[in-house]
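Asks: So that we are looking at the same thing, I have put the structure below in structure tokens.
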Amino acid sequence: MEIGSKAPDFCLPDAAGKDWKLSDQTGKVVVLLFYPGDNTPVCTKQLCSVRDNWDDFAETGAEIVGISMDSVESHHDFAKKFNFPFTLLSDENGDAVKKYGVDSWIPGRSARAVSVIDKKGNLVSHDVQSLSVFRPSNEEVLKAIASASNEI
């Protein structure tokens with residue numbers, strides 16, 4: 001993944017089973033939060049932290065989405081249980097995981113990664129955690145969003 005290149009397009013179902021397509025988001029900054037799995041300790045802590053700081057994220061106007069290889073049903077239950085204000089996408093076949101190079105050494109899981117895409121659909125930040133126990137700080141993600149928002 002080369003910074004400045006066109007972000008790979010994909011279409012995945014959300015927690016309600018409705019298709020969500022990256023190319024439909026042109027004109028918005030998009031944040032892809034790849035995470036290994038629903039209801040796991042580090043992933044739950046990461047996504048709850050985004051929820052708990054939602055005002056800061058919402059203020060940016062960015063479209064925030066979580067992506068894992070869990071099922072639509074799992075995402076539905078996970079989002080409902082923790083009252084997430086952002087979209088969760090199901091990548092059961094690993095299509096987006098492969099396109100963004102965030103494969104995990106754990107079968108059926110993605111690595112933890114944050115990709116930020118500017119309003120033109122170009123990749124401005126792509127941070128992959130090789131050890132999925134470390135989660136990105138909200139400050140780092142918000143900084144990447146600010147950088148993407150300032151792209152011309």
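Asks: I'd like to know if segment 79-99 contains one or more residues that are in contact with a Lys or Arg (Cβ under 9 Å, 6 or more places away or on another chain), modelled with pLDDT under 90 and over 20 Å from residue 27 (Cβ atoms).
Replies: no
Asks: Do you know which of the residues in segment 50-85 that are in contact (Cβ under 8 Å) with a residue 40 or more places away in the chain and aromatic (Phe, Trp, Tyr) is surrounded by the fewest Cβ atoms within 10 Å (Cβ to Cβ)?
Replies: So the residue we want is 57.
Asks: If you go through segment 133-152 one residue at a time, how many are at pLDDT below 75 and of a type outside the set (Gly, Ala, Ser)?
Replies: 8
Asks: Also, quick follow-up: Mind checking whether some residue in segment 110-122 is of a type in the set (Ser, Thr, Tyr), outside any loop (DSSP other than H, G, I, E, B) and surrounded by 13 or more Cβ atoms within 10 Å (Cβ to Cβ)?
Replies: yes
Asks: Would it be correct to say that residue 28 is out of contact with any Cys (no Cβ under 8 Å at 6 or more places or on another chain), farther than 17 Å from residue 139 by Cα and in a loop (DSSP other than H, G, I, E, B)?
Replies: Judged against the criteria, residue 28 is a match.
Asks: Can you tell me which of 37, 66 is modelled with pLDDT under 95 and outside any helix (DSSP H, G or I)?
Replies: Testing whether each residue is modelled with pLDDT under 95 and outside any helix (DSSP H, G or I) leaves just 37.
Asks: Give me the residue from segment 92-103 that is under 13 Å from the mean Cα position of the chain (by Cα) and in a helix (DSSP H, G or I) and, out of that set, farthest from residue 11 (Cα to Cα).
Replies: 97
Asks: Can I ask one more? Run residue 106 past the list (1) surrounded by 17 or more Cβ atoms within 10 Å (Cβ to Cβ); (2) in a loop (DSSP other than H, G, I, E, B); (3) of a type in the set (A, V, I, L, M) and report the number of the one that doesn't hold.
Replies: Condition (1) is where residue 106 drops out.
The values are calculated or read from the model by the stated rules, or taken from the named source; none is laboratory data. These numbers were taken from a predicted model, which means no experiment stands behind them. Heads up, the Cβs are rebuilt from the backbone with ideal geometry, glycines too, and the neighbour counts pull from every protein chain shown.
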